[in-house]
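Undergrad: Have a look at this one.
The values are calculated or read from the model by the stated rules, or taken from the named source; none is laboratory data. Since this is a predicted model, take the numbers as computed values, not measurements. FYI the Cβ positions are ideal-geometry reconstructions off the backbone, even for glycines, and counts take in every protein chain you see.
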Amino acid sequence: MTEVAAELSIGQVAGRTGLSVHALRFYERQGILATPVARGASGRRLYTEHDVEWLNFCTMLRASGMPLALIREYTDLVAAGPGNEEERLGLLRRHQESVTTQIHELGRCLDMITHKVGVYEDHLAQGTAGELWTMPPEPDCPSEDPSGKRAATG
């Protein structure tokens with residue numbers, strides 16, 4: 001006996017994926033779904049568990065910075081079936097490298113922000129916060145410092 005796939009409404013899928021109904025329709029128009037969405041007798045979209053899993057995967061790819069065009073390319077490769085696994089792997093490896101680079105850059109940013117937080121905490125604790133970040137004077141305005149030096153920035 002064959003198992004019938006559960007049919008989910010667009011609202012149910014929106015709730016389970018965190019995507020809006022509008023986003024689900026957009027993804028469908030953009031060819032992001034690996035298989036066409038079935039329609040019921042009334043013309044309403046009927047999704048399957050597989051669609052939910054696929055959309056969750058695509059959402060993760062999108063959240064990791066993969067452009068829709070690359071997600072569509074990957075989707076097209078999957079939809080084409082067996083025989084292009086090397087291409088799929090290559091696409092995923094390139095994106096993996098991109099995400100790794102982003103994580104490295106974000107780590108550098110976090111290190112700098114953490115340093116600045118420490119500087120501010122120290123100055124606030126010592127009562128010297130007034131020495132922190134001051135805007136440089138306007139180029140046409142005379143400096144308040146008679147030496148002409150700009151104020152130090154924090």
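A quick yes/no check of all residues on (1) surrounded by 15 or more Cβ atoms within 10 Å (Cβ to Cβ); (2) assigned to a loop (DSSP other than H, G, I, E, B); (3) on the phi > 0 side of the Ramachandran plot; (4) modelled with pLDDT of 95 or more:
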{"position": "GLN12", "(1), (2), (3), (4)": "no, no, no, yes"}
{"position": "LEU33", "(1), (2), (3), (4)": "yes, yes, no, no"}
{"position": "VAL52", "(1), (2), (3), (4)": "yes, no, no, yes"}
{"position": "CYS58", "(1), (2), (3), (4)": "yes, no, no, yes"}
{"position": "LEU61", "(1), (2), (3), (4)": "yes, no, no, yes"}
{"position": "ILE71", "(1), (2), (3), (4)": "yes, no, no, yes"}
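So that you can scan it fast, the table gives a plain yes or no per residue for (1) modelled with pLDDT under 95; (2) in contact with a His (Cβ under 8 Å, 6 or more places away or on another chain); (3) not aliphatic (A, V, I, L, M):
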site	(1), (2), (3)
HIS104	no, no, yes
LEU110	no, no, no
ASP122	yes, no, yes
THR134	yes, no, yes
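Undergrad: If you don't mind, another one. Within the stretch 92-114, is there a residue that is closer than 21 Å to THR35 by Cβ and in a helix (DSSP H, G or I)?
TA: yes
Undergrad: From the list GLY118, GLY127, GLY83, exactly one residue is loosely packed, with under 10 Cβ neighbours inside 10 Å and farther than 30 Å from MET60 by Cα. Which is it?
TA: After ruling out the rest, the residue left standing is GLY127.
Undergrad: Are there any pairs, at least 6 apart or on different chains, whose C-beta atoms fall under 8 Å, with the first in the stretch 54-72 and within 14 Å of LEU24 (Cβ to Cβ) and the second crowded, with 17+ Cβ neighbours inside 10 Å and among the hydroxyl-bearing types (Ser, Thr, Tyr), and if so, which?
TA: As it stands, the answer is LEU55/THR17; LEU55/TYR27; ASN56/THR17; CYS58/TYR27; CYS58/THR75; THR59/THR17, since those pairs meet every condition given.
Undergrad: Being in contact with a strand residue (DSSP E or B) (Cβ under 9 Å, 6 or more places away or on another chain), charged (D, E, K, R) and under 17 Å from ALA34 (Cα atoms): is that true of ARG62 here?
TA: no
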